[in-house]
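Peer 1: Here it is, the structure in full.
The values are calculated or read from the model by the stated rules, or taken from the named source; none is laboratory data. Predicted model only: the values in this text are computed from it and were never measured. Neighbour counts run over all protein chains shown; Cβ positions are idealised from the backbone, glycine included.
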Amino acid sequence: MPVSVQTADFDAGKEIAALYADAQDVGAVASFVGVVRQSSSSPQPSPAREEGASSLTLEHYPGMTEAALAAIVTEANARWHLHKVRVIHRVGSLQIGEQIVFVGVAAAHRGEAFTACEFIMDYLKTRAPFWKKEETAAGGRWVDARDADDAAAARWS
């Protein structure tokens, strides 16, 4: 299955190896691993940002989220000749430094692999229904959408 939404961690090395294990026409694999950081880098100052987050909770709408991710993968496959794509997004409570997202793309050439990987990540950030809440000593705060993410996704239109 090319798309997974899960609470369990993943092994990025195994996921990358699986992208080209059965293909002789794959010449490139590009991947991205997102990691939970201490702050969302929101431009709005707040007590939570000054203290830094101790964890991040991700919520999603089961069924709708997987369908949105699958649609992004389908669109990437329509734009580029890709051998295999894998997207994993974790949900639930995650600690600083934990893996949160994996995007892997196998293609015949590096340009397609890099470009499709970036496209998938840009669209994932703006089109997939996830909600993020930073937990701090002062309490929780929902993370707002970022204009930079919208601008990155807009360039693919």
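Peer 1: Filter segment 19-36 for residues that are under 18 Å from the mean Cα position of the chain (by Cα) and either part of a loop (DSSP other than H, G, I, E, B) or not hydroxyl-bearing (Ser, Thr, Tyr) (or both) and give the result. Reasoning before the result, please.
Peer 2: Looking only at segment 19-36, we keep the residues that are under 18 Å from the mean Cα position of the chain (by Cα), and these are 19, 29-36.
Passing the criteria: Leu19, Val29, Ala30, Phe32, Val33, Gly34, Val35, Val36.
Peer 1: Could you grab me the full set of residues in segment 19-34 that are more than 20 Å from Gly97 (Cβ to Cβ), touching a strand residue (DSSP E or B) at 6+ places or on another chain (Cβ under 7 Å) and among the aliphatic types (A, V, I, L, M)?
Peer 2: From segment 19-34, those more than 20 Å from Gly97 (Cβ to Cβ) are 19-30; that's our starting set.
Narrowing the set further to residues that are touching a strand residue (DSSP E or B) at 6+ places or on another chain (Cβ under 7 Å) leaves 19-20, 23, 25-26, 28-30.
Matches in segment 19-34: Leu19, Ala23, Val26, Ala28, Val29, Ala30.
Peer 1: Among the residues of segment 45-57, are any without any contact (Cβ under 8 Å) to a residue 12 or more places away in the chain and loosely packed, with under 14 Cβ neighbours inside 10 Å?
Peer 2: Here is the first cut: in segment 45-57, the residues without any contact (Cβ under 8 Å) to a residue 12 or more places away in the chain are 45, 49-50.
Next, from what is left, pick out any that are loosely packed, with under 14 Cβ neighbours inside 10 Å: 45, 50.
Looking for residues that are without any contact (Cβ under 8 Å) to a residue 12 or more places away in the chain and loosely packed, with under 14 Cβ neighbours inside 10 Å, one finds at least one in segment 45-57, hence yes.
Peer 1: Something else now. Restricting attention to segment 19-38, does a residue exist that is of a type in the set (Ser, Thr, Tyr) and modelled with pLDDT under 80?
Peer 2: Kept after step one, since they are of a type in the set (Ser, Thr, Tyr), are these residues of segment 19-38: 20, 31.
Among the residues that remain, those that are also modelled with pLDDT under 80 are: none.
No, segment 19-38 contains no residue that is of a type in the set (Ser, Thr, Tyr) and modelled with pLDDT under 80.
Peer 1: Can you name the residue in segment 101-148 that is among the charged types (D, E, K, R) and within 30 Å of Val26 (Cα to Cα) and is also surrounded by the most Cβ atoms within 10 Å (Cβ to Cβ) among such residues? Explain how you work it out, then say what you get.
Peer 2: Applying the first criterion (among the charged types (D, E, K, R)) to segment 101-148 yields 110, 112, 118, 122, 125, 127, 132-135, 141, 144, 146-147.
Imposing the further condition that a residue be within 30 Å of Val26 (Cα to Cα) reduces the set to 110, 112, 118, 122, 125, 127.
Numbers: Arg110: 12, Glu112: 21, Glu118: 18, Asp122: 19, Lys125: 18, Arg127: 13.
Ranking the candidates gives Glu112 first.
Peer 1: Another question, then. Is it the case that some residue within segment 82-100 is surrounded by fewer than 18 Cβ atoms within 10 Å (Cβ to Cβ), within 21 Å of Pro2 (Cβ to Cβ), among the charged types (D, E, K, R) and touching a helix residue (DSSP H, G or I) at 6+ places or on another chain (Cβ under 8 Å)?
Peer 2: Checking segment 82-100: not a single residue is surrounded by fewer than 18 Cβ atoms within 10 Å (Cβ to Cβ), within 21 Å of Pro2 (Cβ to Cβ), among the charged types (D, E, K, R) and touching a helix residue (DSSP H, G or I) at 6+ places or on another chain (Cβ under 8 Å).
Peer 1: When the residues of segment 1-18 are narrowed to those that are hydrophobic (A, V, I, L, M, F, W, C) and part of a helix (DSSP H, G or I), which ends up surrounded by the fewest Cβ atoms within 10 Å (Cβ to Cβ)? Spell out how you get there, then give the answer.
Peer 2: Filtering segment 1-18 down to residues hydrophobic (A, V, I, L, M, F, W, C) leaves 1, 3, 5, 8, 10, 12, 16-18.
Applying the additional criterion that residues be part of a helix (DSSP H, G or I) yields 12, 16-18.
Values: Ala12: 15, Ile16: 18, Ala17: 12, Ala18: 15.
Top of the filtered list is Ala17.
Peer 1: Give the residue that is farthest from the chain's Cα centre (by Cα), with candidates limited to residues of segment 106-142 that are small (Gly, Ala, Ser) and assigned to a helix (DSSP H, G or I). Explain how you work it out, then say what you get.
Peer 2: Of segment 106-142, the ones small (Gly, Ala, Ser) are 106-108, 111, 113, 116, 128, 137-140.
Still in the list and also assigned to a helix (DSSP H, G or I): 111, 113, 116.
Working: Gly111: 20, Ala113: 16, Ala116: 13 Å.
Ranking the qualifying residues of segment 106-142, first place goes to Gly111.
Peer 1: Can I ask one more? Can you tell me which residue is farthest from Ser93 (Cα to Cα) among those in segment 116-157 that are touching a residue at least 40 places away in the same chain (Cβ under 8 Å) and hydroxyl-bearing (Ser, Thr, Tyr)?
Peer 2: Across segment 116-157, the extreme among qualifying residues is Tyr123.
Peer 1: Out of the residues in segment 87-105 that are part of a strand (DSSP E or B) and farther than 18 Å from Pro129 by Cα, which is modelled with the lowest pLDDT? Even if it seems obvious, please write down each step before you answer.
Peer 2: In the first step, residues of segment 87-105 are kept if they are part of a strand (DSSP E or B); the result is 87-90, 92-95, 99-105.
With the extra rule that they be farther than 18 Å from Pro129 by Cα, the set shrinks to 95, 99, 104-105.
Values: Gln95: 92, Gln99: 97, Gly104: 98, Val105: 98.
Only one residue fits best here, namely Gln95.
Peer 1: Given the structure, is Ala68 surrounded by 15 or more Cβ atoms within 10 Å (Cβ to Cβ), over 23 Å from Tyr20 (Cα atoms), at pLDDT 95 or above and of a type in the set (A, V, I, L, M, F, W, C)?
Peer 2: Details: surrounded by 15 or more Cβ atoms within 10 Å (Cβ to Cβ): yes; over 23 Å from Tyr20 (Cα atoms): yes; at pLDDT 95 or above: yes; of a type in the set (A, V, I, L, M, F, W, C): yes.
Yes; evaluated as a whole, the condition is true for this residue.
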